[in-house]
1. Yes or no: R403 under 26 Å from G39 (Cβ atoms), touching an Asp or Glu at 6+ places or on another chain (Cβ under 8 Å) and surrounded by fewer than 21 Cβ atoms within 10 Å (Cβ to Cβ)?
2. Taking the criterion of being more than 27 Å from the chain's Cα centre (by Cα) and at pLDDT 90 or above, would at least one residue in the range 356-368 satisfy it?
3. Restricting to the range 276-286, and then to whatever is touching a residue at least 60 places away in the same chain (Cβ under 8 Å) and assigned to a strand (DSSP E or B), can you tell me which residue is surrounded by the most Cβ atoms within 10 Å (Cβ to Cβ)?
4. Got a sec? Which of V102, V51, V56 is in a loop (DSSP other than H, G, I, E, B), among the β-branched types (V, I, T), assigned by TED's automatic domain parsing to the domain that holds D190 and without any contact (Cβ under 8 Å) to a residue 60 or more places away in the chain?
5. Filter the range 447-458 down to residues that are out of contact with any Lys or Arg (no Cβ under 7 Å at 6 or more places or on another chain) and either in a helix (DSSP H, G or I) or of a type in the set (A, V, I, L, M) (or both) and give me whichever is surrounded by the most Cβ atoms within 10 Å (Cβ to Cβ).
6. Within the range 292-343, which strands (runs of 3 or more DSSP E) (wholly inside it) include 3 or more residues that are among the polar types (S, T, N, Q) and either surrounded by 20 or more Cβ atoms within 10 Å (Cβ to Cβ) or more than 29 Å from the chain's Cα centre (by Cα) (or both)?
7. List every residue pair whose Cβ atoms sit under 9 Å apart, with the two residues 6 or more apart in sequence or on different chains, where the first one lies in the range 357-381 and is at positive phi and crowded, with 17+ Cβ neighbours inside 10 Å and the second, anywhere, is modelled with pLDDT under 85 and among the charged types (D, E, K, R).
8. Anything in the range 21-56 that is of a type in the set (D, E) and surrounded by fewer than 15 Cβ atoms within 10 Å (Cβ to Cβ)? List them, or say none.
Amino acid sequence: MARIPLLQMAGISLTFGGDPVFDNLDLVVQPGDRVALVGRNGSGKSTLMKVMAGLVEPDRGDIVVPPGKSVGYMEQDPGMKGFATLGDYAASGLEPGELYKVERAGEGLKFDPARPIETASGGERRRAALAKLMAEAPDLMLLDEPTNHLDIEAIGWLEAELKATRAAYVLISHDRAFLRELTRATLWIDRGTVRRQEKGFDAFEAWRDKVWDDEDMARHKLNRLIKSESRWAVEGISARRKRNMGRVRALHELKDQRAGQIKRQGTADMAFDGAPKSGRQVVEAVDLSKSFDGKPIVRNFSLKVQRGDRIAFVGPNGVGKTTVLKMLLGLEQPDDGQIRMGTNLELAMFDQTRDQLDPDMSLWDNLTSDPGMRVSGKADQVMVRGEPRHVVGYLKDFLFDERQARAPVRSLSGGEKARLLLARLMARQSNLLVLDEPTNDLDVETLDLLQEILDDYDGTVLLVSHDRDFLDRIATTTIAMEGNGQAVAYAGGWSDYQAQRAPEQTKVQAKPKVDKPKAKPEPKAKSGLSFTEKHRLEALPGEIERLEQEIAKLEQLMADPELFSRDPVKFQKASEALVERQNKLSEAEEEWLELEEKSEAG
């Protein structure tokens, strides 16, 4: 017997600001579906989810939810007007006998139902919205970044709940471990096209890379065909042969096909510039103790941080991870114990609250008003690692366009705010990098790039994160803050910590000394390219694009039927220049293919 879909979308089209977000989209969600919704920041993931939830009206198309079936959406910025407490909001719509569901979700997600709305943080509001959805238990749950503002324990609770539920769900998340554990199908939004694969997120990256490789090969073949036909056209004119106008029209059609292709969004041009080396010992903490309102944060905590260490701090929200970081940096005084700072330290810090960004100022002003980036007398330039850069050019390195430069920061998505903060951070030289929840809202490709540049960073990294996959990729030592002042050191990342952890260790006071030899991180997979080849591979797409633009201009010039009779010398020079650039384009494309193959083979 055929299953009745929970949601059907047919012929959905939506346009924002003149640009199509989706065009003629068909989508079906079946009972029991567990779907990852992935794509680059700004690709339209949240918009598609809001269309599915009925919160955004498409320009065209139909959305059908069968009678008796319900669709629930976890709001990113829930409206709570008219409610006194978070619990009142989360329980709205439930029967009196179902209020226990909110209390249960509140315990798992760690929010206080009695918290007044006016004093609740953005994270608490989001957790209340998630608890409301979990308590209502609709047939289809639409979850947009549900793990943001959750600690690892709460993420584990949510993971277990979603594994056990009989409801279908669609997930947007940056948390690879969360997606791998829960999903059995993947929706991928890429340049307005929505593709579906009946495999979970674990298979996504191989699928994405195959699609892009096929696309690159098809574009390469199209370019070679256009080059061949263009050479025929030039040589035919030069030899004064009668032109085959049908073949010329076909050439124009090929060029129109290429012009209609939408280029993929590149990765941000991010890099941390290391300052002169710090001393071998970066920070030494000796017998630190700290309490707030009688609640112990750490007791007798000792730690040695050596140059080049990657140390992660993990534990529940509110356990004191950020406080310990501030003590290690000398920004917070311990109740007892000593902090000895190393020499020649230059600090750069990523703040999870984004307080370094003024939401009412534009991206441009947020950069030029930063004392560390200001160029004296130049309102349109910023200082980036000792060199002046135009504001717009630097923003483009982080995938912002010129129109966004003057827009207020509050108009940005969470991922865009994170990229802007990274842009400020990476403008400075540093040898001590502190990252407090850097992964929130970043897409998979930007997370991959951030991991790579941290691998290559010469300095020391102190990290707080709830992203288990990111911790495994970065950390060489994990400090587990387990409550009641306990802080235990483990070699490696999150998975290593879980493997080494004994049940009784959570109950025993420990005094970690992280000055013994540490487990070395696994060597980064070699790309098969030399340093020069790697940079050549990165430069070739720009060179190919420049040659294509020059060829297009020359072809436009020679399209003038009177040019040969009017100025034969100019015509001959243009013909020679066109053939020369076509040859260079062919060589550049061949070189790009060879380097790509060598990189993959490595």
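The values are calculated or read from the model by the stated rules, or taken from the named source; none is laboratory data. Because the structure is predicted, anything quoted here is derived from the model rather than measured. Every residue, glycine among them, receives a Cβ derived from its backbone with ideal geometry; neighbour counts consider all protein chains shown.
1. Details: under 26 Å from G39 (Cβ atoms): yes; touching an Asp or Glu at 6+ places or on another chain (Cβ under 8 Å): no; surrounded by fewer than 21 Cβ atoms within 10 Å (Cβ to Cβ): yes.
No.
2. To start, the set of residues in the range 356-368 that are more than 27 Å from the chain's Cα centre (by Cα) comprises none.
No: the range 356-368 contains no residue that is more than 27 Å from the chain's Cα centre (by Cα) and at pLDDT 90 or above.
3. First pass over the range 276-286, keeping only residues touching a residue at least 60 places away in the same chain (Cβ under 8 Å): 276-282.
Subset that is assigned to a strand (DSSP E or B): 281-282.
Numbers: Q281: 15, V282: 25.
Per the criteria, the residue is V282.
4. Details: V102 fails: in a loop (DSSP other than H, G, I, E, B); V51 fails: in a loop (DSSP other than H, G, I, E, B).
Testing whether each residue is in a loop (DSSP other than H, G, I, E, B), among the β-branched types (V, I, T), assigned by TED's automatic domain parsing to the domain that holds D190 and without any contact (Cβ under 8 Å) to a residue 60 or more places away in the chain leaves just V56.
5. L450
6. On the way: elements: 295-306, 310-314, 336-341.
The qualifying strands (runs of 3 or more DSSP E) are 295-306.
7. Matching pairs, first to second residue: none at all.
8. Of the residues in the range 21-56, the ones of a type in the set (D, E) are 23, 26, 33.
Listed by number, the list holds a single entry, D26.
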